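Here's the structure we're looking at; comments come further down.
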Amino acid sequence: MTDALIRRLQQTVRSGRWVDVLFASQPRVPPPPPADPGVVAAAEAEVGFGFPDLLRRMYLEVANGGFGPCYGLLGLDGGATDDIGYNALDQWFNARQDMAAARRRKPLRELTLFPCFYAGCNEYSCLDCRNADGPMWRYDLSRRPARFEPEGFTLAGLMERWAEGPTSAEPAAAPDRGGTKAPRGSRSPRRRGR
């Protein structure tokens, strides 16, 4: 199934359909080229776990981010970023810092949740990298402490729906929780060494 899905994603990107939503401040640009295997290996070494096969192949065979549902897959180093310049590694580091600050009572499952897609309003769809099936979780920075909630779909299911067409690919909308979203500039700092 992974081979067929990768081919569909490559065809979709080649057809000129890259993301479902554009940032108002950014022109429509094609995704960057696929990531170098060394970039993916360095990212896996930095986070301390391997990516599930589908995510790894998306980076290596489709593009280093910049395609997919919502604002698109966040890239690794040298790849696509969110609207303020954070890539997936930056957001993983930020999530880790948030958890350390909050001293969460839950098991540290969140350390293997990798932020893949920026969904807007300080929310990210994260892949559970402990599980080869790739269940997705919502990382909500607008709540303090930031929290993770299951989204009810897998990375493969999300990408299959996205490849079918723009209206069926968006993740299920998060329920309205009321309150105010954190301002865009209020996020944690980027990871060290950048």
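The values are calculated or read from the model by the stated rules, or taken from the named source; none is laboratory data. Only a predicted model underlies this, so the values are computations on that prediction, with no experimental measurement involved. Glycine gets a Cβ as well: all are built from the backbone with ideal geometry, and neighbour counts include every protein chain shown.
Within segment 47-84, how many residues turn out to be assigned to a helix (DSSP H, G or I) and out of contact with any Phe, Trp or Tyr (no Cβ under 8 Å at 6 or more places or on another chain)? Give the steps one after another, and end with the answer.
Step one: filter segment 47-84 for residues assigned to a helix (DSSP H, G or I), giving 47, 53-62.
If we keep only those that are out of contact with any Phe, Trp or Tyr (no Cβ under 8 Å at 6 or more places or on another chain) too, we end up with 53-54, 56-58, 60-62.
Result for segment 47-84: 8.
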Filter segment 87-107 for residues that are assigned to a helix (DSSP H, G or I) and at pLDDT 85 or above and give the result. Ala88, Leu89, Asp90, Gln91, Trp92, Phe93
Of all residues in segment 1-21, which are at pLDDT 85 or above and of a type in the set (Lys, Arg)? Arg7, Arg8, Arg14
Lone unmet requirement of (1) within 19 Å of Gly134 (Cα to Cα); (2) more than 13 Å from the chain's Cα centre (by Cα); (3) in contact (Cβ under 8 Å) with a residue 40 or more places away in the chain for Asp20: (1)
Would you pick out the residues in segment 41-71 that are free of Cβ contacts under 8 Å to residues at least 40 places away in the same chain and surrounded by 22 or more Cβ atoms within 10 Å (Cβ to Cβ)? Tyr59, Asn64, Gly65
